[in-house]
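Here is the structure we will look at.
The values are calculated or read from the model by the stated rules, or taken from the named source; none is laboratory data. Please read these numbers as outputs of a predicted model, since none were measured by experiment. Glycine also receives a Cβ, built like all others from the backbone with ideal geometry; neighbour counts cover every protein chain displayed.
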Amino acid sequence: MYREALREAIDEEMARNDLVFIIGEGIAERGGSYKVTEGLLDKYGSLRVRDTPIAEAGMIGVGVGAAIAGARPIVEILYVDFAMLGMDMIVNQAAKFRLMTGGDGRVPFVMRTQGGTGGGVAAQHSQSLEALFYHIPGLKVVMPSTPADAKGLLKYAMRQDDPVMFLEHKHLYMTKGMVPDGEHIIEFGKGDIKRSGTDVTLIAWSNMIPRSLEAAAELAEQGISVEVIDPRTLVPLDREMILQSVSKTKRAVIVQEANRRGGIASDIASIIQEEAFWDLDAPVEIVAGLDIPVPFNLTLEAASVPQKPDIVAAVKRCIHQDNYSAAAE
Amino acid sequence: MAKKSSASNAYSREFLEKIFRTAHKIRVFETEGIKLYRQGLIRGYFHPYLGQEGIATGVCAALSEGDYIASTHRGHGHCIAWGADVKKMVAELLQKDTGYCKGYGGSMHIADISVGNLGANGIVGAGTPLGVGAALANQIRGSDAVTVTFSTDGATNNGTFLESLNLAAIWNLNYVLVVENNQYAVSTPIEESTREPDLYKRGLGIGVESHQVDGNDPLAVYEIMRQAVETCRKGKGPVLIEAKTFRHMGHHVNDPGKYMPEDRLTYYKQRDPVDRARKALKDMSDISDGEIDAIEAEIAAEFEAAVEFSKNSGEVSIEDFRAFAADY
């Protein structure tokens, strides 16, 4: 399971390096709200696995300071929504320290948190805020969709030297999947093809991957071959993989759970139009959340973010565009 | 570092000379730096530490190699007291690639992590959690190093003050928070910012050993800091020290500081920390006036050489900058 894969990554890295430690709310004795850190307190002790008061600015800042001073902290923030309390430390301190020191200062800081909709936890516990971090130079943004990716990317995050926003999804913790045995590390900036196809490239990440795969399966039954690609890290972004796939399929649909305005999908669309405009047979489609806070009511919550039918419809529009242009010729 | 000799109030000449040298060097750096600023050689912001020299001087004299400091936007004095190279500081202010940050940081961001200087900071209150983080890193690696954050009265009204000092307290970190209470948050007087202007009392409320000291008396600061360091190394940290002081001018070079009442400014100028360091050296050692003049001449020459060095230095090339950006 996703959460076990994350635990394995932390466990292995703590065993490997005494300077790795983890702090967060309810992560020690209780093992974390999503059970990711269960058992680590017994194994590594209260020096390296510790609970914090509810003080996000303080704990993120302390993590950043520890990283600057050479330790390898993981700070677990219960919800990405709560990371907003620590934005100064992320944006003004962690992201800028390397530049401000002329390149000498490094900040090997990992903030693990989770976002996304699911289960009616309402507007302040359901956001997808990756675009905020994506916009800030100096931050790495990681959004694993599978247990194997979660483990490999978290291990890499804990070995590299820049601040990492490691954004999990509350719906993925219980998902199952194979995780390779032995040392399993995934470098940042290397995307993964989750399903090969020839007609349309579907770009998604985090919880939109399982949803896109369901949509692709349904479309396959209708004779449409969808290639689903997962950048896995949004910063750095595997542009090459995206452009290669688009040049093959000639069509791109980008799916993000976050609301549309100022989102990462728009940025990826601009990259595609700049770099692969002459390869395209149809305009790039974006399927995104509505520009509104996430409501509590479960029907409305579902209506506020992309669902399988929305993805299927977007892919069909993309194909249909092509038919239009063919008919016009 | 030089240590106090056994009898109380009896300091070695070496120690007193070091205190005076540090305080005076900060005074010269700021006074001459302001001239360079007015000549247009230094751009951006310049927040002078004039009037507050006693604090950085006294605090750093009680620290040892391996300890850490974090600073504020008014950070030149902390760097100098920590032993920074004036050449690399001036070069940084002049945007040169020989500066501490190759000209990428400037006055508000001078840092040198190789010697435990976590850096100045453009965000008021940010040095507190960063310093506590360094103290936490040292606890985890089993070091008895002490980390000091130089902070400000303005920062005590920021949420990070409570959040970080409380973390340091529950984790018993080797951490000293030095609140330089210069009584102004930019232009807002302390009386308008809090109902309790004795800021050390804030620490007491969360179970932190807290003291108040005359920040214009370098030796008093040194004494209280020495005790704080001892407390920390015994595992009984953190400690909060409020050091009362007053700026000699406005918030930055271009702020005339007209809101600062003349009588209070006079009061503090009569208790000038650099004068007191000089007087202590004269009164408590056998140094002659000529020898003091020689120290002052040496420091003046050091600054002049730093300016010369900086003027002859180059800047980061656009090509190198672009390569850095591509890798950022």
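Do you know which residues across segment B:163-176 are of a type outside the set (Ser, Thr, Tyr), within 21 Å of the chain's Cα centre (by Cα) and either within 8 Å of another protein chain (Cβ to nearest Cβ) or on the phi > 0 side of the Ramachandran plot (or both)? Those that are of a type outside the set (Ser, Thr, Tyr), within 21 Å of the chain's Cα centre (by Cα) and either within 8 Å of another protein chain (Cβ to nearest Cβ) or on the phi > 0 side of the Ramachandran plot (or both): none in segment B:163-176. Among the residues that make up segment B:307-318, is at least one of them part of a loop (DSSP other than H, G, I, E, B), hydroxyl-bearing (Ser, Thr, Tyr), at pLDDT 95 or above and crowded, with 18+ Cβ neighbours inside 10 Å? Within segment B:307-318, one or more residues are part of a loop (DSSP other than H, G, I, E, B), hydroxyl-bearing (Ser, Thr, Tyr), at pLDDT 95 or above and crowded, with 18+ Cβ neighbours inside 10 Å. Please work out if residue B:83 is surrounded by fewer than 23 Cβ atoms within 10 Å (Cβ to Cβ) and at positive phi. Spelling it out, residue B:83 is indeed surrounded by fewer than 23 Cβ atoms within 10 Å (Cβ to Cβ) and at positive phi.
Within segment B:161-193, take every residue that is free of Cβ contacts under 8 Å to residues at least 60 places away in the same chain and among the acidic types (Asp, Glu) and give me the one that is farthest from residue A:90 (Cα to Cα). That would be B:191.
Residues are listed down the side, and each one gets a yes or a no for (1) surrounded by 24 or more Cβ atoms within 10 Å (Cβ to Cβ); (2) under 30 Å from residue A:8 (Cβ atoms); (3) in contact with a Phe, Trp or Tyr (Cβ under 7 Å, 6 or more places away or on another chain); (4) not small (Gly, Ala, Ser):
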{"position": "A:184", "(1), (2), (3), (4)": "no, yes, no, yes"}
{"position": "A:187", "(1), (2), (3), (4)": "no, yes, yes, yes"}
{"position": "A:241", "(1), (2), (3), (4)": "no, yes, no, yes"}
{"position": "A:259", "(1), (2), (3), (4)": "no, no, no, yes"}
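Screening B:88, B:102 for residues that are of a type in the set (D, E, K, R) and either at pLDDT below 95 or assigned to a helix (DSSP H, G or I) (or both) leaves exactly one candidate, B:88. Just one of B:229, B:179 is part of a strand (DSSP E or B) and either surrounded by fewer than 24 Cβ atoms within 10 Å (Cβ to Cβ) or at negative phi (or both); which is it? The conditions single out B:179. When residue B:97 is tested against (1) more than 9 Å from chain A (Cβ to nearest Cβ); (2) in contact with a Ser or Thr (Cβ under 9 Å, 6 or more places away or on another chain); (3) not hydrophobic (A, V, I, L, M, F, W, C), just one condition goes unmet, and that condition is (1). Mind listing just one residue for me: the one in segment B:139-160 that is in contact with a Leu (Cβ under 8 Å, 6 or more places away or on another chain) and in contact (Cβ under 8 Å) with a residue 24 or more places away in the chain and, of those, farthest from the other protein chains (Cβ to nearest Cβ)? Among those that are in contact with a Leu (Cβ under 8 Å, 6 or more places away or on another chain) and in contact (Cβ under 8 Å) with a residue 24 or more places away in the chain, it is B:153.
For segment B:14-48, taking the residues that are among the small types (Gly, Ala, Ser) and part of a helix (DSSP H, G or I), the one that is surrounded by the fewest Cβ atoms within 10 Å (Cβ to Cβ) is identified as B:33.
Mind checking whether some residue in segment B:155-163 is part of a strand (DSSP E or B) and surrounded by fewer than 24 Cβ atoms within 10 Å (Cβ to Cβ)? No, segment B:155-163 contains no residue that is part of a strand (DSSP E or B) and surrounded by fewer than 24 Cβ atoms within 10 Å (Cβ to Cβ). Residue B:108 meets the conditions (1) more than 24 Å from residue A:86 (Cβ to Cβ); (2) out of contact with any Ser or Thr (no Cβ under 8 Å at 6 or more places or on another chain); (3) in contact (Cβ under 8 Å) with a residue 40 or more places away in the chain in every case but one. The failed one is (1).
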